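Here's the structure, in structure tokens; my notes come after.
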Amino acid sequence: MNLSDMGYDLTGKTALVTGSSRGIGKAIALGLAQCGASVAVHYVGHSDEAQAVADQIPNSCIVQGDLLDDDAPRKILTQVREQLGEIDILVLNASMQFRQAWDEVTREKFDQQVIANFRSEFEMIQLAAPQMIQNKWGRILTIGSVQQHRPHSAMIPYAATKSAQETMVRALAKEFAPHGVTINNLAPGVILTDRNTEALSNEDYRQKVMDMIPMSRGGEARECVPAALLLCSNAGSYITGIDLIVDGGMRLP
Ligand code: NAP
């Protein structure tokens, strides 16, 4: 088997990557595009960043939508369908994350994380999967977190939404498997993106985090891309319902 026969060619496929204006989502969007997919770049506020990503992709569009809005899942999918057609590959990457001690968690922040990280994803799958099932081909990838396995005590609702997401993936994998549609979860460890720049700028905290990672370093967003491409292409045709951890060993006890 040579490399071009391994099933990574996504020519003719259309992908939506939520939260692909920056970070891991951006890296995955560019990776899918390199494999030939048309890509919808989704964002909430950073339109210039989203446009800059789309500018690097021959067949692309940008779509705006705040996952906290009740009608965001429907609006986002409609925008993609109007511009690029039906969605073959759905990467649910955007999330919200707040640091609050367990006894300081507010209902507002609790609900926001549940809605953005779990409910909106479930609804996007409800809207996108029927067409994939009809086409007898589809790929759904959720982006979880090493916190499914090692929850941070100051991010309990966030970690719990990531575990809920992974539970959903296992349940839906059995539903979708007979129809040529796979659904998997990719769980990154500490990846050096905008999200944790500020926290890691504190040297004591940074050292504490690095001490938890057997590879003693944070990952780059691009290091999540090979695993994502496997799970979003024909290369991963016999893989469904898994939790693929990309964490430099951080989950290990
Ligand atoms: P990031 O750099 O903070 O980027 C977040 C992305 O999500 C941006 O595109 C942002 O859009 C979008 N977004 C944020 N809130 C949104 C909302 N309410 N509605 C719609 N879109 C929203 O994130 P990242 O670090 O790459 O993380 C990507 C995924 O990996 C997340 O699911 C995260 O939980 C997971 N993860 C990350 C790490 C890590 O260490 N970085 C570790 C484990 C898991 P704008 O650009 O428009 O703001």
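The values are calculated or read from the model by the stated rules, or taken from the named source; none is laboratory data. Treat the numbers as computed from the prediction; the structure is a model and nothing was measured. In this analysis, Cβ positions are derived from the backbone assuming ideal geometry, glycine residues included, and neighbour counts consider all displayed protein chains. Side chains are part of the model used for accessible areas, which takes the heavy atoms of the whole protein and leaves out ligands, DNA and RNA. Shrake-Rupley method; radii C 1.70, N 1.55, O 1.52, S 1.80 Å.
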Limited to segment 74-116, what total is found for residues that are surrounded by 15 or more Cβ atoms within 10 Å (Cβ to Cβ) and of a type in the set (S, T, Y)? 1
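Could you check, for segment 154-162, whether at least one of its residues is within 15 Å of the ligand (Cβ to nearest atom), aliphatic (A, V, I, L, M), crowded, with 24+ Cβ neighbours inside 10 Å and under 25 Å from D70 (Cα atoms)?
Residues of segment 154-162 within 15 Å of the ligand (Cβ to nearest atom): 154-162.
Retained after the next criterion (residues that are aliphatic (A, V, I, L, M)): 154-156, 159-160.
Remaining after also requiring crowded, with 24+ Cβ neighbours inside 10 Å: none.
No, every residue in segment 154-162 fails to be within 15 Å of the ligand (Cβ to nearest atom), aliphatic (A, V, I, L, M), crowded, with 24+ Cβ neighbours inside 10 Å and under 25 Å from D70 (Cα atoms).
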Answer yes if at least one residue in segment 179-190 is more than 14 Å from the ligand (Cβ to nearest atom) and touching a residue at least 60 places away in the same chain (Cβ under 8 Å), and no otherwise. yes
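Condition check: loosely packed, with under 14 Cβ neighbours inside 10 Å and under 29 Å from V146 (Cβ atoms). Does R119 satisfy that? Let's see the steps before the verdict.
Working: loosely packed, with under 14 Cβ neighbours inside 10 Å: no; under 29 Å from V146 (Cβ atoms): yes.
The answer is no for R119.
Is it the case, given these coordinates, that E49 is surrounded by fewer than 24 Cβ atoms within 10 Å (Cβ to Cβ), of a type in the set (D, E, K, R) and more than 8 Å from the ligand (Cβ to nearest atom)?
Details: surrounded by fewer than 24 Cβ atoms within 10 Å (Cβ to Cβ): yes; of a type in the set (D, E, K, R): yes; more than 8 Å from the ligand (Cβ to nearest atom): no.
No.
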For segment 103-116, does any single residue satisfy the condition of being farther than 28 Å from V225 by Cβ and of a type in the set (S, T, Y)? yes
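Regarding L67, is this residue more than 8 Å from the ligand (Cβ to nearest atom), touching a helix residue (DSSP H, G or I) at 6+ places or on another chain (Cβ under 7 Å) and in contact (Cβ under 8 Å) with a residue 24 or more places away in the chain? It would help to see each step written out before you state the result.
Numbers: more than 8 Å from the ligand (Cβ to nearest atom): no; touching a helix residue (DSSP H, G or I) at 6+ places or on another chain (Cβ under 7 Å): yes; in contact (Cβ under 8 Å) with a residue 24 or more places away in the chain: yes.
Criteria not met by L67.
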Scanning segment 92-114 residue by residue, those under 24 Å from A27 (Cα atoms) and either assigned to a helix (DSSP H, G or I) or hydroxyl-bearing (S, T, Y) (or both) turn out to be S95, Q113
Name the single residue that is most open to solvent (accessible area, probe 1.4 Å) among those in segment 204-225 being touching a residue at least 24 places away in the same chain (Cβ under 8 Å) and in a helix (DSSP H, G or I). R222
Enumeration of residues in segment 7-30 that are surrounded by fewer than 24 Cβ atoms within 10 Å (Cβ to Cβ) and more than 10 Å from the ligand (Cβ to nearest atom): G7, Y8, D9, T11, G12, K13, T14, L30
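Working only within segment 75-91, note down all residues that are more than 16 Å from the ligand (Cβ to nearest atom) and not in a helix (DSSP H, G or I).
First, pick out the residues of segment 75-91 that are more than 16 Å from the ligand (Cβ to nearest atom): 81-89.
Scanning segment 75-91 gives G85, E86, I87, D88, I89.
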Has segment 136-150 got at least one residue that is surrounded by fewer than 20 Cβ atoms within 10 Å (Cβ to Cβ) and either free of Cβ contacts under 8 Å to residues at least 12 places away in the same chain or among the small types (G, A, S) (or both)? no
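Taking segment 170-201, which residues are open to solvent by 80 Å² or more (accessible area, probe 1.4 Å), outside any helix (DSSP H, G or I) and not hydroxyl-bearing (S, T, Y)? Reasoning before the result, please.
Restricting attention to segment 170-201, the residues satisfying the condition of being open to solvent by 80 Å² or more (accessible area, probe 1.4 Å) are 170, 174-175, 178, 192, 194-195, 197-198, 201.
Then drop every residue that is not outside any helix (DSSP H, G or I), which leaves 192, 201.
Listed by number, the list holds a single entry, L192.
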